[in-house]
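K.L.:
Sharing a structure here in structure tokens format.
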Amino acid sequence: MKTYMANKPKLGKISIVVFLTVLIWVWSDLAQDERMSLSGFVTMTVARPSDPTVWVSFEGPDSSLQPSVTIRAIDLKGPASRVTEVDRLRKKGELALDLFVSPEEEGWTDVGSRTFNVLNFLKESAEIKQLGLTVENCEPRTLTVEVHRLVERPLPVECIDENGAPLRAEIEPPTVDAFVPDGVVAARVRLSARERIQAAASAIQKTPYVELVPGQQRDVSARVSVSLPPEEVALAEHPVQAVLGFCFSPNLQGMYRVRLENEAELATVLVRATTEAWQAYERQSFHIFLHVLDADRQASGVITRPVAFNFPHEYVRNGQIEGTSPPPARFVLELVPQETVEPSGL
């Protein structure tokens, strides 16, 4: 009993020493602030105002209106452990600092220009505070903000493809109401290659948008029905490095081989297809086939025969791919010598 009582105070002292050691280590880490700089990692975007008549943008270096700006440089300070962790995230590409600025919270409701204090905004940013760091400086420290008033007016709806080329489309309703600045005369719907295929088969639903200035779009609070005539499914010409396959009947298999006279001419074929169909065709194991007939055994010279495209069936049915006219294959059938296998002696 005396031995137990004697050891108990020693254990208590050890616990206190360990606790103080940890406390001193934590305090030392917090006391030794380190600094780091980030270039091009922080992006600020103006959130869409709740008032549809308000349009807010940052003014770029060339006086252009931009919905987002990237902070060229930001200086941060914090405990060494936090700086190390943030730097680790940066190197792994996992440091995302996309910040949104609320026009209502900033009081950007009246039309005109004003100066935005970027440094103060970053210092109060919850996203940066969650990193355990504080903002010391940034470049630029201020930005010009432009507030415009939009007017609601009816606009015709145009249809374009993914490259901006106009498409002949039936759109219902043909006009939509949208809040726009002066100079905007139309709303648009953009169709991808897959959507064009769908719209050629049956009408699809799309949300139009207006382009306030180049690079700034805003969706319209309406839906339209879009349909395309079948000929509007655009097929572009694509070269394919062709792998040729030979088709034999069982009567010829293993007995004859094909010697192509114009192999170089068949190395590449051209197809007209949508991007999706062309990519699917490229993934095929064989791109063209040459059918060798039993009757070809009787030929005494060069045989000339068209090759057949090995298109994916689903894209052929939807009219998304078609072949051009590759040169016909010129070939000669050569009899394969049969090796005589002598029986092995015992």
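The values are calculated or read from the model by the stated rules, or taken from the named source; none is laboratory data. Remember, it's a predicted structure, so these values are computed and weren't measured experimentally. Here the Cβ is made from the backbone with ideal geometry for all residues, glycine too, and neighbour counts use every protein chain on show. Please note that ligands, DNA and RNA were not included when accessible areas were found on the heavy atoms of the full protein model with its side chains. Shrake-Rupley method; radii C 1.70, N 1.55, O 1.52, S 1.80 Å.
Residue-wise test of (1) open to solvent by 70 Å² or more (accessible area, probe 1.4 Å); (2) in a strand (DSSP E or B).
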| site | (1), (2) |
| --- | --- |
| Ile171 | no, yes |
| Ala178 | no, yes |
| Arg190 | yes, yes |
| Arg196 | no, no |
| Arg218 | no, yes |
| Ala222 | no, no |
| Ser249 | no, no |
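K.L.:
Further question on the same structure: What is the one condition in (1) over 30 Å from Glu94 (Cβ atoms); (2) at pLDDT 65 or above; (3) out of contact with any strand residue (DSSP E or B) (no Cβ under 7 Å at 6 or more places or on another chain) that Pro9 does not satisfy?
P.N.:
(2)
K.L.:
Test Ser325 against the stated conditions and say whether it is assigned to a loop (DSSP other than H, G, I, E, B), hydroxyl-bearing (Ser, Thr, Tyr) and open to solvent by less than 90 Å² (accessible area, probe 1.4 Å). Spell out the reasoning first.
P.N.:
Values: assigned to a loop (DSSP other than H, G, I, E, B): yes; hydroxyl-bearing (Ser, Thr, Tyr): yes; open to solvent by less than 90 Å² (accessible area, probe 1.4 Å): no.
No; evaluated as a whole, the condition is false for this residue.
K.L.:
Next question. Tell me the residue from Arg257, Arg223, Arg272, Arg283 that is in contact (Cβ under 8 Å) with a residue 60 or more places away in the chain and basic (Lys, Arg), please. Show your work before the answer.
P.N.:
Values: Arg223 fails: in contact (Cβ under 8 Å) with a residue 60 or more places away in the chain; Arg272 fails: in contact (Cβ under 8 Å) with a residue 60 or more places away in the chain; Arg283 fails: in contact (Cβ under 8 Å) with a residue 60 or more places away in the chain.
From the options Arg257, Arg223, Arg272, Arg283, the qualifying one is Arg257.
K.L.:
Residues that are farther than 24 Å from Glu211 by Cβ, open to solvent by less than 80 Å² (accessible area, probe 1.4 Å) and of a type in the set (S, T, N, Q): does region 59-69 have at least one?
P.N.:
In the first step, residues of region 59-69 are kept if they are farther than 24 Å from Glu211 by Cβ; the result is none.
No, region 59-69 contains no residue that is farther than 24 Å from Glu211 by Cβ, open to solvent by less than 80 Å² (accessible area, probe 1.4 Å) and of a type in the set (S, T, N, Q).
K.L.:
From Leu95, Leu76, which residue is open to solvent by less than 70 Å² (accessible area, probe 1.4 Å) and over 26 Å from the mean Cα position of the chain (by Cα)?
P.N.:
Working: Leu95 fails: over 26 Å from the mean Cα position of the chain (by Cα).
Matching residue, one of Leu95, Leu76: Leu76.
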